[in-house]
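The values are calculated or read from the model by the stated rules, or taken from the named source; none is laboratory data. Please read all numbers here as calculations on a predicted model, not as lab measurements. Because the Cβ atoms are built from the backbone with ideal geometry, glycine has one as well, and the counts that use them run over all protein chains shown.
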């Protein structure tokens, strides 16, 4: 190690901090390599620069067809042994969501890694970051400049750079994600610096966006499925087979690996597995009881629609795992729910669905959804259990002791559920009734409302009433509060853009551009600008919440005639209330479906205060639902 004078030492300490210096000195003294212990060995064949080049193309496009074409080209050029890693990295993750393993490295830590590699101080890097607002662009800008000497040079450490590979990047990011305990921050910085030292400026941009959870490509699962079908079967015709496998095993990396190595025959063998969530079935909505019964063949099973969190519970022996509607592993939040499943589900293996509802510990009455969200915490879970106890109301059974029930009619699934559930005051079947007339449906609806429910769910009894995984169809129909009059029910819409505020709202967003989901085209179509209903606290946190999804242009999956000041990747879902649904030439929701040259818009929209973090953007209110609400609204107003 060469001698450093006082000025140099001060510079080093200001750039890294004392703990970093001690960590590096320890490694050098112990002759531990600063980076990979096998520096001269090429790990994996596919270059990461190929991914970075495709990411750049995808990021710049505003056309979904072009995005799909780029993905097809990428997948075709990817070796089968790394196709799963390429899929995960392209999604901005390392594993499917249900694994619960996230990167989430703080920007401050990434700045320290940049400091190690660039020779700049953290303060200098912060100044650049304040100008760019993007840690990826910050790294690209800094590493594009001519480097003098890096911090490691002060310790006599110099290494020959080599090209990054997909495998090396993935495995290093995996180590970063799993680093825990004492010294984990230093380990993460060291691992990240090992990649940045060998990265080109462009690679560094996408590496740091990935590691901070801000890749921002916004590629939907359905787009990836399209690209996989074209890449490995030559046509989108086989997309349905691949999607079925994805619905029972929602892990795109795994699906791609099976497809690349075993073809369609391998994909057809993918079955439901305990511990891996199934894509949830979704419902349509109608506001007229007569129409509901007509759609369902004159009769149905109506169930209470509880104001709670939908859960999918997997049981195998004494092991229980819970998944949310978004397929996140939420087992940690509800240990009491796990105990109820463990004790009262009388089957060795089972997958059941239900609503987890907060209960007033004093009165036993059901509490609203917002109260239940207090249970979504990492710490003090036992304290939250006492303050916000829960009850489970089960409504479907997807799997029992090796038997897949998803292709069986709903009445059959319901009978299986009855057989395996031992009911108690804390776990029972959802309140239901066999309905054969409009009057019975209306009476049951009013009963549900009076008992604190959102409304009722009407379900088909026909032979074709299978569990439509990941789909929204007329086998389940929602009938919620006050659908029968003006638009006094809420809708869940996706934030796709924003407009800068003025006056008191200067420095934040004055209004948000909201969109409904069109599953047929897999796009989000605008339906309103909302600026009402936000508290001062909401306005303060909105930029922080949305900035991670900010992109420089309209997203390819967003259909908008309105030009927003800021565009976002469709990700955040908000609950919106409005006076009524009207026709508008400015919005693209159902454009031309009701009247030529006009779409649907929500008049006088306002934010209810409810952030729907439990919903994916693809689970938001659909264009079809808004069309039905508009038509029903027209009928009741005449």
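I'm trying to understand the selection: among the residues of region 516-537, which are out of contact with any helix residue (DSSP H, G or I) (no Cβ under 9 Å at 6 or more places or on another chain) and in contact (Cβ under 8 Å) with a residue 40 or more places away in the chain?
Residues satisfying the conditions are 526, 528, 529, 530, 532, 533, 535.
So, residue 313, is that one surrounded by fewer than 19 Cβ atoms within 10 Å (Cβ to Cβ) and more than 14 Å from residue 460 (Cβ to Cβ) or not?
Answer is no for this residue.
Of (1) within 30 Å of residue 413 (Cβ to Cβ); (2) within 26 Å of the chain's Cα centre (by Cα); (3) surrounded by fewer than 17 Cβ atoms within 10 Å (Cβ to Cβ), residue 380 satisfies all except one. Which?
Residue 380 satisfies all of (1) within 30 Å of residue 413 (Cβ to Cβ); (2) within 26 Å of the chain's Cα centre (by Cα); (3) surrounded by fewer than 17 Cβ atoms within 10 Å (Cβ to Cβ) except (1).
Table: residues versus (1) surrounded by fewer than 23 Cβ atoms within 10 Å (Cβ to Cβ); (2) assigned by TED's automatic domain parsing to the domain that holds residue 52; (3) at pLDDT below 95; (4) in a loop (DSSP other than H, G, I, E, B).
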position: 104; (1), (2), (3), (4): yes, yes, yes, yes
position: 117; (1), (2), (3), (4): no, yes, yes, no
position: 129; (1), (2), (3), (4): yes, yes, yes, no
position: 146; (1), (2), (3), (4): yes, yes, yes, yes
position: 152; (1), (2), (3), (4): yes, yes, yes, no
position: 157; (1), (2), (3), (4): yes, yes, yes, yes
position: 162; (1), (2), (3), (4): yes, yes, yes, yes
position: 186; (1), (2), (3), (4): yes, yes, yes, no
position: 195; (1), (2), (3), (4): no, yes, no, no
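Can you give me the number of residues within region 385-413 that are within 22 Å of residue 328 (Cβ to Cβ), surrounded by fewer than 20 Cβ atoms within 10 Å (Cβ to Cβ) and without any contact (Cβ under 8 Å) to a residue 40 or more places away in the chain?
1
It is to be established whether one or more residues within region 503-517 are outside any loop (DSSP other than H, G, I, E, B), assigned by TED's automatic domain parsing to the domain that holds residue 623, under 30 Å from residue 430 (Cα atoms) and at pLDDT 90 or above.
Within region 503-517, one or more residues are outside any loop (DSSP other than H, G, I, E, B), assigned by TED's automatic domain parsing to the domain that holds residue 623, under 30 Å from residue 430 (Cα atoms) and at pLDDT 90 or above.
Filtering region 30-65 down to residues that are over 20 Å from residue 206 (Cα atoms) and not in a loop (DSSP other than H, G, I, E, B), which residue is modelled with the highest pLDDT?
Only one residue tops the list, namely 65.
State which residue pairs qualify: first residue closer than 15 Å to residue 568 by Cβ and inside region 496-515, second residue assigned to a helix (DSSP H, G or I) and at pLDDT below 95 in any location, beta carbons under 6 Å apart, and separation of 6 or more residues or different chains.
If the second residue must be assigned to a helix (DSSP H, G or I) and at pLDDT below 95, the pairs left are 508/539; 508/543; 509/542.
What number of residues within region 223-243 satisfy the criterion of being more than 30 Å from residue 133 (Cα to Cα) and touching a residue at least 60 places away in the same chain (Cβ under 8 Å)?
7
Residue-by-condition table, conditions (1) buried (at least 23 other Cβ atoms within 10 Å of the Cβ); (2) part of a loop (DSSP other than H, G, I, E, B):
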{"position": "170", "(1), (2)": "no, no"}
{"position": "189", "(1), (2)": "yes, no"}
{"position": "207", "(1), (2)": "yes, no"}
{"position": "210", "(1), (2)": "yes, no"}
{"position": "214", "(1), (2)": "no, yes"}
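Looking at 448, 471, which is the one that is modelled with pLDDT under 95, outside the structural domain of residue 548 (by TED's automatic domain parsing) and within 22 Å of the chain's Cα centre (by Cα)?
Values: 448 fails: within 22 Å of the chain's Cα centre (by Cα).
Step by step, each of 448, 471 is checked, and only 471 is modelled with pLDDT under 95, outside the structural domain of residue 548 (by TED's automatic domain parsing) and within 22 Å of the chain's Cα centre (by Cα).
As an exercise: evaluate residue 218 against (1) in a helix (DSSP H, G or I); (2) under 30 Å from residue 61 (Cα atoms); (3) at pLDDT below 90 and give the number of the one condition it does not meet.
Failing condition for residue 218: (1).
List the number of the failed condition for residue 534; all other conditions in (1) more than 18 Å from residue 610 (Cβ to Cβ); (2) more than 23 Å from the chain's Cα centre (by Cα); (3) crowded, with 21+ Cβ neighbours inside 10 Å hold.
(1) is the only condition that residue 534 fails.
Any residue in region 340-357 that is assigned to a helix (DSSP H, G or I) and modelled with pLDDT under 95?
no
Looking only at region 320-336, decide whether some residue is more than 26 Å from residue 249 (Cβ to Cβ) and not in a loop (DSSP other than H, G, I, E, B).
Going residue by residue through region 320-336, those that are more than 26 Å from residue 249 (Cβ to Cβ) are 335-336.
Still in the running and not in a loop (DSSP other than H, G, I, E, B): 335-336.
Yes, there is a match, as at least one residue in region 320-336 is more than 26 Å from residue 249 (Cβ to Cβ) and not in a loop (DSSP other than H, G, I, E, B).
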